[in-house]
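A short write-up of the structure that comes next.
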Amino acid sequence: MSDALLQVENLERHFEGLKAVDGISFTVAPGEVVSIIGPNGSGKTTTLNLVTGTIRAHGGSIVLDGTRIDRVDSARIAEHGIARTFQNGRVFATLSVADNIEVGMHSTLRANRPFRELSNFFLLRWIPLLGELFIAIIGTPASRREDKQIKNAVETEIHRFEARLGPRRDDPAYSLSYANRRRTEIARALALKPKLLVLDEPTAGMNQSETAEVLEQLLELKAEGQAILLVEHKLDLVMIVSDRVIVMDGGRIIAEGRPEDVRHDPSVIEAYIGRRRTVGGGDEE
C-alpha cells in the first residue's frame, strides 16, 4: 500500500533455529488502530520489538512513512517517529512523573542537542555530547524557547491523565501504583508526538476499572487520528478499539481483518481458544 504509514514485508526473526516471526507482512495506515493478537509465544511482542528496533530482523523490510527503518537502531527509529511502551512497564524509578515524560522528548530536541546528526558516527559522538553539556550550562535563546515548549508538552500529557497523574506530577515514579506507572509510560511515549504509537499490553496487570479508563483514553487517541499498533490480551478492548486485527500463531499471520470478522474466523478460534468458541465472546451456536 503506497499510502501506508507503516509497511512490513516478509519480516523474519529466529532464535537458535526457532522462527519466532516467519515471513509476515502487514501495514498500518495513518490514523489506523491495528491490533495483533494470538496465543502466548505466537510472535506478537517479537514483532513489536522488530518494528521498534529493539532487536534486528533476519529478513524482510520495515518502512515508516517512506523511510526504511529496519537497518537503524532504536534511537534513530524514535527520531523517525515511533514511540512505544513495554509489556513489563519501564519507567525511571527515581525521576518524577514530569521528568519521566520529559525524557520521552529527547529525540525531538533540536536547540538542546546541537550537532545531533554526528551522534550517528561513533568517532564523532563526543562532539554532540560536548554541545549538549555547553547548552545545559550556558543556554541559548533557542534552547530556552525549546525548554518552554518541553514544559508545555509535559503539561499536555499530564493533563491527558489529569485525575491520576496530575496530583502526582512531582512524585518519584517508584512511589506510584502499578497502573499509574503504566500511564506515565504511555504519557512519555505520547510526548514524542509519534507518527506511530506502539503499545505492548498497556492494560497488563490492571483491574476492570483501570482497563476501562485506558480503553477510553485509547479511543480518544483514535479520535485524534493517532496511528496505533497494539498488542493486547484483553480481547473485549481489542474488539472495541481496533480498525483491523491481525492474528498470529507460530510466528505467522493466520488471519487479518475487521474485528467482527476475525472473532468468528474458524482458524482463529481453533488457534486462539482451541475449541469452537467466538474470540472475545461466548460459545458458538
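Values in this text are rule-based calculations from the coordinates and carry no lab data. Model, not experiment: these values are computed from the prediction. With ideal geometry, Cβ positions are generated from the backbone for all residues, glycine too; neighbour counts draw on all protein chains shown.
A compact table of results
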| read-out | value |
| --- | --- |
| Segment residue 74-residue 95, length gained on full extension (0.36 nm per residue, minus Cα span) | 5.3 nm |
| Summed side-chain charge close to residue 222 - residues other than residue 222 whose Cβ falls under 13 Å, Lys, Arg +1, Asp, Glu -1 | -4 |
| Efficiency of FRET from Cβ geometry, residue 58 and residue 156, R₀ 25 Å, rounded to 0.05 | 0.05 |
| GNM flexibility winner over the chain from 172, 266, 141 (Cα, springs under 10 Å) | 141 |
| Extended-chain gain in nm, criterion 0.36 nm per residue less alpha-carbon gap, residue 178 and residue 220 | 12.9 nm |
| Size of charge dipole - segment 98-187 - debye, nearest 20, with Cβ of Lys, Arg +1 and Asp, Glu -1, no other charges | 120 |
| FRET efficiency, residue 264 to residue 116 (Cβ-Cβ, R0 41 Å, nearest 0.05) | 0.25 |
| Cubic angstrom per residue, convex hull over Cα atoms of segment 64-164 | 151 |
| Three semi-axes of the equivalent ellipsoid, the chain, Cα gyration tensor, whole Å, largest first | 35, 24, 15 |
| Of 72, 21, 198, the one that fluctuates the most in a GNM where the chain has Cα springs shorter than 10 Å | 72 |
| Most mobile listed residue (146, 260, 16) in the chain, GNM with C-alpha springs under 10 Å | 16 |
| Net charge contributed by nearby residues that have their C-beta within less than 9 Å of residue 91 (K/R +1, D/E -1) | +3 |
| Percent of beta bridges antiparallel (DSSP, the chain, rounded to nearest 5) | 60 |
| Neighbour net charge for residue 41 - beta-carbon separation under 14 angstrom, K R +1, D E -1 | +2 |
| Length-normalised contact order of the chain in % [C-alpha pairs under 8 Å, at least 6 apart] | 26 |
| Normalised contact order of segment 98-187, rounded percent, pairs of Cα under 8 Å and 6 or more residues apart | 34 |
| Length released on extending from residue 10 to residue 134, taking residue separation times 0.36 nm less the Cα-Cα span | 40.1 nm |
| Separation in nanometres of the label points that stand 7 Å from Cα toward Cβ, at residue 207 and residue 144 | 4.9 |
| Axial C-alpha extent at least 30 Å, average Kyte-Doolittle at least 0.5 - helices from the chain (DSSP) | none |
| Gyration tensor (alpha-carbon) shape descriptor, segment 130-177, a/c threshold 1.5 | oblate |
